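Have a look at the structure below before the remarks.
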Amino acid sequence: MAIESDVLVIGGGLAGLTSALASARVGADTRLVSYKQSTLRNASGLVDVLGYTPAGEGPLTDPYAAIPSLPTEHPYRTVGVERIREALSLFDEVVPNYRGGHTDTNALVPTHGGTIKPTARYPAGASAGLASDGRDVLLVGLESMVDFDAPHAAAHLEAAGVPFDVRGVTIRFPGDLRADAKVTRYAKLLDTNGDVAVRGRNRPVREALAERVNAELDGEARVGFPAILGDDDTAGVRAALSDALGAAVFEVPMGPPSLPGLRLEDALFDALDRAGGRFETGNPVVDSDGEGRIERVYIEKNGARIPNSADQYVLATGGLVGKGVDSDRGRVYEPIFDCHVPHADDRYEWFEGEAFGDHDFARFGVRTDEDLRPVGGDGSVEFDNLRAAGSVLGGYDFAAEKSGSGVSISTGYAAGRRAAQEAQ
Amino acid sequence: MASAPHIAVIGGGSTGIGIARDLSMRGLDVTLLEQGNLTHGTTGRMHGLLHSGGRYAVSDQASARECIEENRVLRDIAGHCVEMTGGLFVKRPEDSEEYFQEKLEGCRACDIPAEVVSASEARAMEPHLAKDIDKAISVPDGAVDPFRLVAANAASASEHGARIETHSTVEDLIVEDEEVVGVEVEHASGAGERVHGTEGGREEIRADYVVNATGAWAGRIGDMAGVDVEVRPSKGVMTIMNTRQVDTVINRCRPKGDADIVVPHETTCILGTTDEEVEDPEDYPEEQWEVDMMLETLTELVPMLEEARTIRSFWGVRPLYEPPNVGSDDPTDITRDYFLLDHAERDGLEGMTSIVGGKLTTYRMMGEEISDHVCEQFGIDAECRTADVPLPGSEDFSVLRDYMDEFGLRSPIGRRSVERLGSRADEVLKTDGPNPTVCACEGVTRAEIQDAIGQSGSDLNAVRIRTRSSMGNCQGGFCCHRMANELHDEYDEATTRAAWDELLEERWRGQRHALWGEQLSQAMLNYALHATTQNRDNDPADGDPVDFAAFDDGVEPADGSPRGGVATDGGEYCGD
C-alpha cells in the first residue's frame, strides 16, 4: 500500500520547505520528499524579493512597488503583492534570526566580491554590515581563504561609493588549520571555542582571533568577517568577538559552501518539524501515475520503487541548477511529470553573447494558471492537483532581478496553502 | 647596425615564439610582437595533439617524417608540456582495409613505430571503444599543452635577452627603398607586461630584418608592404568533454574526414574537427552543426560520448598555404607542410621573410629553418641549439617527486602542480605563506597563480592559459573571483575589475556551444553565483551612484512594530 498524506511536496529547497510549512501550519497532513542537497548551500542566505526590474532599473528601494508592473508571466504577478507579504510574515515568524521585517525598504548588503546586493531580509549576523549604516568598517580576511580578499573587497566598496570609510586587512587564522580547510572547520572551532596553539601556548580560539584583529583595529565601529562565524552558535560567536573588539561584528555572505544558506536550511527544517510536517530526504521521485490528476508518485529507494500518494502535490524541484528543469541538445523539459517548458527549438537561441546578457535559459521553467498549476502549451491545466513553486517556475530571471528567495517563499507559501485548502 | 642584428618577429604563436627563442639563443637581438596574448591566434586554438606523423603517413609523407622527428625532440626538450598517451588508428567494419594497410606501410616508411593491435587488445587499452571495431594501429601520438609550451619558449627567449611584447599590434611596416626596415606598433597598454587601464601608445621599432610569423594573419602583414601572401585560413571546431573518456589519442583510420580524432588533454578530452575555408581569420561563423557532428560521428568510435557532458567548444583557424600553381578546391587537400617565403627573392622586397603553413608539432623545426635563413642574411654562422637545450621547466626531472609534504599540498593537487611546472616547481611553490587552492577543478594553487601574474601583468586570461585555472568543469564559476582576488595584491581595484570582467566574458564565449544538460545546469549556477551572490552584473562601481541613504540602515523602530507586512496569522486560511 502506498504511503499517504494530504499534501506531498517534492523538493527540499526554500520553495519546498515554505510550501510544506504553509500546508502543515493549516493542519494538513504534509510530507516533503527531497533528493539531493538543496541548492541553499550555494545561496548567500540573503532573502531578496526584488532588487532590479527586468529592464535593469535599480537597485530598487521598495520591491513591492515595482511588482504590479512586472510582465504578466512573472510568478509575482500570479501570487500578487498581498501573498508575498503574507509569505514573508510567515518567514519572519518561523526564522527568528533574520532581520529586515521592520521596513518595506530594501537593504544593501556588501557581497564577498565587494559589490552590494539589495535584499529584503538578511541574517542577524549580516545586519551590522549594511551599506546604508554610516559607521566605519574594518573587513578582516584570512590569509588562506581565497574566496574573500578583504583589502580587495574594501577597495571595491569604496569604488561603489559607500558612505563610510572601509579598510581591509588580511590576518592568519590562529592555530594550525590547513591551507584548504573548509568553512565548516572554522565554524566548528569557533562554535566550541576550542583551544588553538599560538606561539606554543594553547588559547581559546575566539580570544586568539580577537587579539589578532585588535592589533589591526583603528577605531572602526564595525568589523566584518567572511561568513565562518559559527554554525550552531553563531550569535554567541559574534557576541564574544564583539565584546573583545569593542565593535559591532558582522558576516559577509559568501559563495558555496555557504554557511548562512545552510543555517537557513536547518532553521526551516526545524520549523517544519515543529509544525508537524514529515520529511524524507535522499531519494528521488522517478515516476508518476495519473492522467489529468496525479494518483501517485514513485520514489526510488535502494533500488525499489515505493509508491507515495497524496490528495495534492507541490512541485518544488528547483530550476536548471537543482535539476527540476533539465535539457538535452534538442529540448528543455520538466523530468518528473513532463510538464510543458516553453523554449525555442534552436538551442542557440537559449542564450545571449555576453556573460550577463538577457538569457532565455535563465527564464526556463513551467508556466502556470493563477492557481500555480502548470499548464501545457495550449494553456490548459496539466494536472488538477499539482502546483509548482520556486525555481521550477519560468518567466523570470532571478539572478538578474535578485528575486530568487522571494519567488520561492511566496509561490511556496501560496502553493502550500492552496494545496492544504484543497485537500481538506 | 649594433653589435648584433635586431630582428623583429611578428606573431606570438608557437612559430613566432620558436623563432624568437632560436634567434636569441644564437645571440641575435630579438623583439617579438603579438597583437593579443601569447597563443592568441591558432596556437591557443588547437586540439593539443603531438603528432606521431601517423595522420599524414599516407597523404603527406614529408610532413609525417618531420612530425615523428620533432615528436622525439619535444619529448626531450619539453617533457613538462607533453604527455605521451600513445595513439590508435581505429578501423571500423565499414572503413577500407586497403587504406588500413596503406596507413601501416606509410607509418613504417616514415620511421613511425606502428603496430597492428586486435580489437580485443585495443578495447583492453581503451574500454570505451565501440564493441564492433575491427582492429587498430598503435602509434606514438601524444598530447601537448600549447600554452605551457609557448610560455616556456617565451621564458627562454627572455632569458636570452629577447623583448616579448604582447597586446601590441603591428599597424604598419616601415618600408624604405624597397626594403622593410621596421614596424609601427600600437601597444594596448604601454610597453612591457599588459596592465589594464594603462595608456597605450604607438612605437616605431626599427629592425634589421622582419620575420612575419603571423599564420592566418600573414596576408595582412604582407599587404602592408604590398606583397601577396596567399594564406587560406580554414576553420575547425574543437569540442571539450568534461572528463577523459579515453586516455589514448583515438584517430579514425580512414582518408581525410571531419570528426575523426579524440585527444585526451589534462582532465578533459578534445574532439576534433571540421575543415572549412573562411575569408577572415577573426570573423567566421561558429556553427551548431559542427558541434553536433563531433558528438554524433565520434560516437561511432566511442559510444559513451553520445551521453557525455561537453564543457565548451572553440574554433581555430589553420594557416594553410599552398604554392600559387596548385589550386586545391577543398581545404582538406591543401598540404600541412610549411613554406618559407623570402620576399626579396619572391617579390623584390628586401628585409622580410614570411613563414606560413605548418603545425604545432614542427614549430621548433620551422624556427630553426627560418633562423638559419635570417643568420645567412647577415653572414652569421651560429649553431641552432633549440633541439638540445631543454625548455625552462624541463631541465631536470628529478624534481618530479611527490611535493605533497614539502609544500603542504594535498595530492593530487601537488602532483598536478608539479607536472605543470616541471623543474620550476621548487622556485614557484616555495612560498612563505599558506598556499591554498584557487582553482579546485584543475588543482591550481595560489603560488602558481602568483607566478603567472608575475609573468603576464594584469591579464587574467594570460594567467588562465599559463595555469589552466578556470579551465575545468565549472568553467570559472567558482574561481574567477578568486583569481581576481589574487591579482589585487599587485594591481589596484579598477585594474582588477577590468581584468575580472574580461575573464568572465572569455569563459562565457566557449561555453555557449555546450549549453544543454549538465553544462547548462552549470552555466545557470555560475550565472547565479556571479549575478546573485556577487551582483557582478549590477556593480555600482561601474554604474550610476547609489543613494545609500534611501535604503534600510538596519535600525529598527523603537517600539518594535513592523512598518510593513501583515500580521503572521492574518491570512484567511489560517487554522493554527
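The values are calculated or read from the model by the stated rules, or taken from the named source; none is laboratory data. If you're wondering where the values come from, they're calculated on a predicted model, not measured in any experiment. With ideal geometry, Cβ positions are generated from the backbone for all residues, glycine too; neighbour counts draw on all protein chains shown.
Select from segment A:70-101 the residues that are assigned to a helix (DSSP H, G or I) and of a type in the set (A, V, I, L, M) and write down the one among them that is farthest from the other protein chains (Cβ to nearest Cβ).
A:79
For segment A:235-252, state whether one or more residues are closer than 20 Å to residue A:39 by Cα, outside any strand (DSSP E or B), over 15 Å from the mean Cα position of the chain (by Cα) and at pLDDT 95 or above.
no
Mind listing just one residue for me: the one in segment A:323-349 that is within 18 Å of residue B:519 (Cα to Cα) and in contact (Cβ under 8 Å) with a residue 60 or more places away in the chain and, of those, nearest to the other protein chains (Cβ to nearest Cβ)?
Only one residue tops the list, namely A:323.
Just one of B:193, B:171, B:186 is in a loop (DSSP other than H, G, I, E, B), surrounded by fewer than 21 Cβ atoms within 10 Å (Cβ to Cβ) and not assigned by TED's automatic domain parsing to the domain that holds residue B:308; which is it?
Sole residue among the options that is in a loop (DSSP other than H, G, I, E, B), surrounded by fewer than 21 Cβ atoms within 10 Å (Cβ to Cβ) and not assigned by TED's automatic domain parsing to the domain that holds residue B:308: B:193.
If the requirement is being surrounded by 20 or more Cβ atoms within 10 Å (Cβ to Cβ) and within 11 Å of chain B (Cβ to nearest Cβ), which of these qualifies: A:320, A:386?
Every option except A:320 fails the conditions.
Among the residues in segment A:361-369, are any in contact (Cβ under 8 Å) with a residue 60 or more places away in the chain and of a type in the set (A, V, I, L, M)?
No, segment A:361-369 contains no residue that is in contact (Cβ under 8 Å) with a residue 60 or more places away in the chain and of a type in the set (A, V, I, L, M).
Based on what the data block shows, is residue B:575 at pLDDT below 90, within 7 Å of chain A (Cβ to nearest Cβ) and surrounded by fewer than 18 Cβ atoms within 10 Å (Cβ to Cβ)?
Answer is yes for this residue.
On the phi < 0 side of the Ramachandran plot and more than 20 Å from the chain's Cα centre (by Cα) - does that describe any residue in segment A:82-92?
Checked segment A:82-92: at least one residue is on the phi < 0 side of the Ramachandran plot and more than 20 Å from the chain's Cα centre (by Cα).
Table: residues versus (1) surrounded by fewer than 24 Cβ atoms within 10 Å (Cβ to Cβ); (2) free of Cβ contacts under 8 Å to residues at least 40 places away in the same chain; (3) of a type in the set (D, E, K, R).
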residue: B:8; (1), (2), (3): no, no, no
residue: B:14; (1), (2), (3): no, no, no
residue: B:17; (1), (2), (3): no, no, no
residue: B:20; (1), (2), (3): no, no, no
residue: B:25; (1), (2), (3): yes, no, no
residue: B:34; (1), (2), (3): no, no, yes
residue: B:38; (1), (2), (3): no, no, no
residue: B:42; (1), (2), (3): no, no, no
residue: B:52; (1), (2), (3): no, no, no
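For segment B:282-325, enumerate the residues that are surrounded by 18 or more Cβ atoms within 10 Å (Cβ to Cβ) and of a type in the set (S, T, N, Q).
Selection gives B:310, B:313.
Quick check on segment A:20-32. Is at least one of its residues within 14 Å of the chain's Cα centre (by Cα) and either among the charged types (D, E, K, R) or assigned by TED's automatic domain parsing to the domain that holds residue A:305 (or both)?
no
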